[in-house]
Amino acid sequence: MIDSFHGSTKHKLIRTVLVFLFICFVLSYCAQAQVYYYVAKTGSDSNSGSASAPWLTIGHAASVAQAGSTVYVGAGTYNESVTFANSGTSSAPIVFNGQGVAIVDGTGVACCTSPTFAQSNGFIGTNTQGLFNIGAAAGVNYLTIEGFTIQNYKVSSASKVPVGVLIVGSGTGINFLNNTVKNIQTTAGKNGNAYGIGVFGISATPLSVTVSGNTVTGCLTGESETTTYNGNVQNFVVSNNTIYDNDNIGMDAIGFEGVGPTGYDQAKNGDVYGNLIYNNSAYKNPGEGNSYDEDGLYCDGCTEVTFERNTLYGNDLNIEAASEISGEVSSNVIIRNNLVYAANSCGISVGGYAKSGTGGSTNITIVNNSLYDNDTQKTGSGEFQIQYRATGIVFENNIVYTGAEGLFIYGYVSGSGVTANYNDYYTTSSTTTFELNAKSYTTFASYKSGTGQDKNSVFANPAYLTVPTCKSTTSKSPPTPITTCTPTPNFDIPTTSPAENTGNASLGSADFGTVDFNGNPRVNSSGQINMGAYEQ
């Protein structure tokens, strides 16, 4: 009797537990089940958000959407600043899809008030606002925004900082895909600031984002960057974007500006690949003066970031790894398999730009890039520039084909830590200049014997398949100049090129990667590697 009672009670308890677990499973499933909402210019925020009864504003949809929600935004122009503060999950993200037809326009939208939780940050302050604002005190996770045009956010006051897309705080799984950001502008003169896309990691918890397939153009950002990844931004991907015709830095990964907490203030572990970045110049930008000092791709104090398979031309400095903060460096950076040509100033630069007051760079690997006709404005910076406090620099397997200036290496600082080898140098210029450790050489032979560098390098025509003529024209307002190259260049090489199969394969794939510019295997079946960005 007693045993029967206990057995019956046990079975009831088991059934109760199973029912409870089933209910929990159902509730969890329902909480994250896929839900579709709609926004349209004909809608109302008092509607249900269904296809037949859409909402009117993106902002209302952002406040309602939870894990598993997909919001389709219909055609039309939405004049609003939207805050995305809700999170999805890895299996049930929140998705906002502009379907290629939704336009978010800043005309008439008030600017600029920072998200409340970020206002205590000394860098963001109280006056930075986006048309899209992604962030919350506890972070935002697993949010995707795709298919929008975000445009026309403009100010004339230096006390206001407009942003096309502001991603701030912490979080993971944030994707910004296949959007257009244009005409985000400050006309405040010397002290103005704006950003097309601004990603700021202000917490000890990292901020991780993927920014891919976007177009960013027509931005006047004053002293700031067109797109920036600043502070505790980790494990980020910037891929297949087109960034052109802006008046300052195209893409910047930054450290040591006080954006993140001490010890968490450095963009790191990033992959930057497949981007087309051109005609971004700071010349005549009121915040920069009459200097060609903008970068297409810039590591300003970043660490453990790889820049590969990018195409850059018509920027002031096409690629740079340095630090603007005294006592700090960019470090452990790889620059590989890129096409780097027709810069206003130099093709690739390392080290701090000033004798004092800036930082430098260390452990920078520059391999298998194809350079051509950089320094079109004859600034004297050449193809490869080595500035102050540059150590542990590896320059190998590159093709360096200089234009009329004939300046291959401009290492005007003594004691530079550069190792150069297995490169192919060439010019049709009547002059040839290699400068390293503050000593100048007028022949390749004298440079090799005087420095001990480039022992296995050659001075020979790499036979690029199509060599363009690049010209620059000025415009009345930034960005200026604008560079055009005709015919369309092809920096691949034929099998008869002296750069074919003559690179240093012993560097290993950790340095030169597994694929070339076109995505083909970086090393051939015989274990050989080309110089330059292309493999056969």
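The values are calculated or read from the model by the stated rules, or taken from the named source; none is laboratory data. Quick caveat: nothing in here was measured; it's all calculated off a predicted structure. Neighbour counts are summed over all protein chains in view; Cβ atoms, including those assigned to glycine, are modelled from backbone coordinates with ideal geometry. Side chains are part of the model used for accessible areas, which takes the heavy atoms of the whole protein and leaves out ligands, DNA and RNA. Shrake-Rupley method; radii C 1.70, N 1.55, O 1.52, S 1.80 Å.
Summary value for the range 332-413: 34 percent relative contact order, contacts being C-alpha pairs under 8 angstrom separated by 6+ residues. The DSSP beta bridges internal to the range 218-361 are antiparallel in roughly 5% of cases. So what is the relative contact order for the range 304-535, in percent, with contacts set as C-alpha pairs under 8 Å and at least six apart? Here the relative contact order equals 16 percent.
Place the peptides 254-263, 277-286 in order of packing, highest mean first, counting for every residue the other Cβ atoms within 10 Å and averaging per peptide. Working shown, then result.
Values: 254-263: 19.3, 277-286: 24.7.
In descending order of packing, they fall as 277-286, 254-263.
Could you calculate the FRET efficiency of residue 291 with residue 473 from 1/(1 + (r/R0)^6), where r is the beta carbon distance between them and R0 is 22 Å, rounded to 0.05? Don't skip to the answer; put the middle values down first.
Numbers: r = 19 Å, r/R0 = 0.86.
The value I calculate is 0.70.
Provide the percentage of antiparallel DSSP beta bridges, counting only those with both residues in the range 304-535; round to the nearest 5. Mind showing how you got there, number by number?
Numbers: 11 of 58 bridges.
The answer is about 20 percent antiparallel.
Computed from Cα atoms alone, the Kirkwood hydrodynamic radius reported for the range 304-535 is 17.5 Å. Pairs of Cα atoms nearer than 8 Å and 6+ residues apart set the relative contact order; for the chain it is 7 percent.
Counted over the chain, the DSSP beta bridges are approximately 10% antiparallel. In vacuum, with every alpha carbon of the range 323-377 counted as one equal point scatterer, what does the Debye formula give for log10 I(q)/I(0) at q = 0.12, 0.13 Å⁻¹? Two decimals, please. Log10 of I(q)/I(0), two decimals: -0.33, -0.39. Label reach from residue 446 (point 7 Å along Cα→C-beta): in the range 405-422, amide nitrogens under 20 Å belong to 405-415.
Stretched out straight at 0.36 nm per residue, the stretch from residue 116 to residue 490 would grow longer than its current Cα-Cα span by 129.7 nm.
With each label modelled as a point 7 angstrom along the Cα→C-beta vector, the residue 528-residue 66 pair spans 6.3 nm. Of the whole protein surface, residue 493 contributes about 10 Å² of accessible area at a 1.4 Å probe radius.
To the nearest 10, the accessible area of residue 165 is 0 Å² with a 1.4 Å probe.
Round to a whole number: what % of the accessible area of the range 99-204 belongs to carbon and sulfur, probe 1.4 Å? It would help to have the intermediate numbers written out before the result.
Working: 1590 of 3520 Å².
Roughly 45 percent of what the probe reaches on the range 99-204 is carbon or sulfur.
Projected onto its three principal axes, the C-alpha set of the range 29-128 covers 42, 33, 25 Å, listed from the longest axis down. The calculated FRET efficiency for residue 53 paired with residue 456, based on their beta-carbon distance and R0 = 56 Å, is about 0.20.
Using a 1.4 Å probe and counting only protein heavy atoms, arrange 522, 389, 309, 336 so the residue with the most accessible area comes first. Intermediate values should be presented prior to the final figure.
On the way: 522 0, 389 90, 309 60, 336 25 Å².
Result, largest first: 389, 309, 336, 522.
From zero up to wherever the largest Cα-Cα distance of the chain sits, split into 20 Å bins and tell me the percent of pairs in each. Answer for the chain: a P(r) of 22, 48, 22, 6, 2, 0 percent.
For the range 293-393, the calculated P(r) over all alpha carbon pairs, in 10 Å bins from 0 to the bin holding the longest distance, is 19, 52, 28, 1 percent.
Percent of Cα pairs in the range 475-517 per distance bin of 5 Å, from zero to the largest separation: 5, 14, 13, 15, 14, 10, 10, 10, 6, 2, 0. Computed from Cα atoms, the angle from the helix 2-32 axis to the main principal axis of the chain rounds to 50 degrees.
Estimated from helices alone, the mean residue ellipticity of the chain at 222 nm is -3000 deg cm²/dmol (sum of -39500 (n - 2.57) over DSSP H runs with n ≥ 4, per residue).
Considering all C-alpha pairs of the range 391-495, those separated by over 20 Å amount to 48%.
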